[in-house]
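Right, one structure below, let's go through it.
The values are calculated or read from the model by the stated rules, or taken from the named source; none is laboratory data. Everything numeric in this text was worked out from a predicted model, so none of it was measured. Reconstructed Cβ throughout: ideal geometry from the backbone, glycine too, with neighbour counts over all protein chains shown.
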Amino acid sequence: MEALEHMQRQMTSALQRIEHKFQEQLKEERIKAEKREQKLLLELKQMKILLQGYEVRHPVPSVGTRASYASVVTSSEPIEATQAPSAPRSSLASHLKSVSPNSSASRPQDDTPSLTLDVSQMKDLDPTDLILFRERLVNAWKGQPGIGELPVAGLQRAGKDKNKVKILFYAEDHRNRVRNQSGWVEKFFPGARINRDTWFPVKVDRVNKLNTTDETRVNLREDIAELIGKENGIRINKVRWLSKPRDEAAYGSVVLYLDSKKDADQIVGQRTINIRGEAAWTKEFEQRLVPIRCFHCQKYGHQRYRCPDDVPTCVRCASKGHSHLTCSAPEPRCASCGGPHEASDRGCKIYRNALANLRSPHD
């Protein structure tokens, strides 16, 4: 009898353990199901935002503007562009793929408005989880004046650096509003910073000095970037001389730094740009490696603000205490190599050696 009772207790205990284990497994499955549901709801919300953005950028023509098949066949009149709008054969799916933050094959156009957020100094954020990153970003923008309702077009990892995330926008205005409203970064991404925008340089030759300089006839006008931008319908961040023109020269070359790669490519492609009503020649700007030379002591390897010399050295004769503007030496002499040429001469052996080291740093 005791043996039977003992067996019953063991069986009861075993059944309780099985039931407890079953309840634990059921609880785990329920939690997993809830997480999957939350993930699907978030993805659905992202898809809805993308669809809204697509509809804004690609509005569907109204029914009244479309020509029917019968009208096209029977009409002898040419169809207006508004009746039969032409569009590239691209599907909505392909557009969504191009901006989807989860698509490894997506490559947005270079002129897609974007900001890059560097979160390398943040410890409580995993930048590789773009779904959670987007959630945090949307919460960060909520309540911020002017950006609370802006949609996120997409997210991308900025190259190989996992600590940099590129935020894509549907319009330049959206990007500029988010950049100017920096409070969301400080509050929701403490320690992070927005990287500086990429500028796209264009070289411009035959620029009239009278049209672009101030009363000195050498320094560019303070408002020249704004003036050229308005005249050509583009945004220019900066204008600088490629090399300052000689006093007697009427024309010189400048570099324009544009906001948009599309605008830069267009200006280079059309080969001209209007500057105060006069055409100037445009071409692609090639960034060249140039050795650093101090314009105070005329030596290579440092800049003027780090120069240890108190007295300036003449670039023409290598003497101290005067500039080339007042130099009366009969023959030039280099301050770097001592040769019979000015310190700015690119034939200087010190210059050539420094340039060779720049081009072949590992040799």
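Scanning region 266-278 for residues that are out of contact with any helix residue (DSSP H, G or I) (no Cβ under 8 Å at 6 or more places or on another chain) and touching a residue at least 12 places away in the same chain (Cβ under 8 Å) gives VAL268, GLN270, ARG271.
Is region 325-333 home to any residue that is buried (at least 17 other Cβ atoms within 10 Å of the Cβ) and not hydroxyl-bearing (Ser, Thr, Tyr)?
yes
When region 324-346 is filtered for residues that are farther than 18 Å from ILE292 by Cβ and not hydrophobic (A, V, I, L, M, F, W, C), the ones remaining, listed by number, are HIS324, THR326, SER328, PRO330, GLU331, PRO332, ARG333, GLY338, GLY339, PRO340, HIS341.
Please indicate, with yes or no, whether at least one residue in region 24-39 is in contact (Cβ under 8 Å) with a residue 24 or more places away in the chain and under 19 Å from VAL138 (Cβ atoms). Scanning region 24-39, I find at least one residue that is in contact (Cβ under 8 Å) with a residue 24 or more places away in the chain and under 19 Å from VAL138 (Cβ atoms), so the answer is yes. Determine which single condition LYS283 fails, assuming it passes every other condition in (1) in contact (Cβ under 8 Å) with a residue 40 or more places away in the chain; (2) surrounded by 12 or more Cβ atoms within 10 Å (Cβ to Cβ); (3) not in a strand (DSSP E or B). That leaves (3) as the condition not met. Applying the selection to region 253-271, what residues are surrounded by 14 or more Cβ atoms within 10 Å (Cβ to Cβ) and either among the polar types (S, T, N, Q) or not in a helix (DSSP H, G or I) (or both)? Scanning region 253-271 gives SER253, VAL254, VAL255, LEU256, TYR257, LEU258, ASP259, SER260, GLN266. Would you mind stating whether GLY146 is on the phi > 0 side of the Ramachandran plot and within 14 Å of the chain's Cα centre (by Cα)? Spelling it out, it is not the case that GLY146 is on the phi > 0 side of the Ramachandran plot and within 14 Å of the chain's Cα centre (by Cα).
Checking each residue in region 280-323 for being under 29 Å from the mean Cα position of the chain (by Cα) and hydrophobic (A, V, I, L, M, F, W, C) picks out ALA280, TRP281, PHE285, LEU289, VAL290, ILE292.
Here is the figure for region 320-357: residues that are assigned to a helix (DSSP H, G or I) and not polar (S, T, N, Q) total 9. Contact map, region 228-239: first residue assigned by TED's automatic domain parsing to the domain that holds VAL207, second residue among the charged types (D, E, K, R), Cβ cut-off under 7 Å, separation 6 or more or different chains; pairs are GLY229/ARG235; ILE234/ASP263; ARG235/ASP259; ASN237/ASP259.
The set of residues from region 139-173 being free of Cβ contacts under 8 Å to residues at least 60 places away in the same chain, over 16 Å from VAL119 (Cβ atoms) and aliphatic (A, V, I, L, M) comprises ILE147, LEU150, ALA171.
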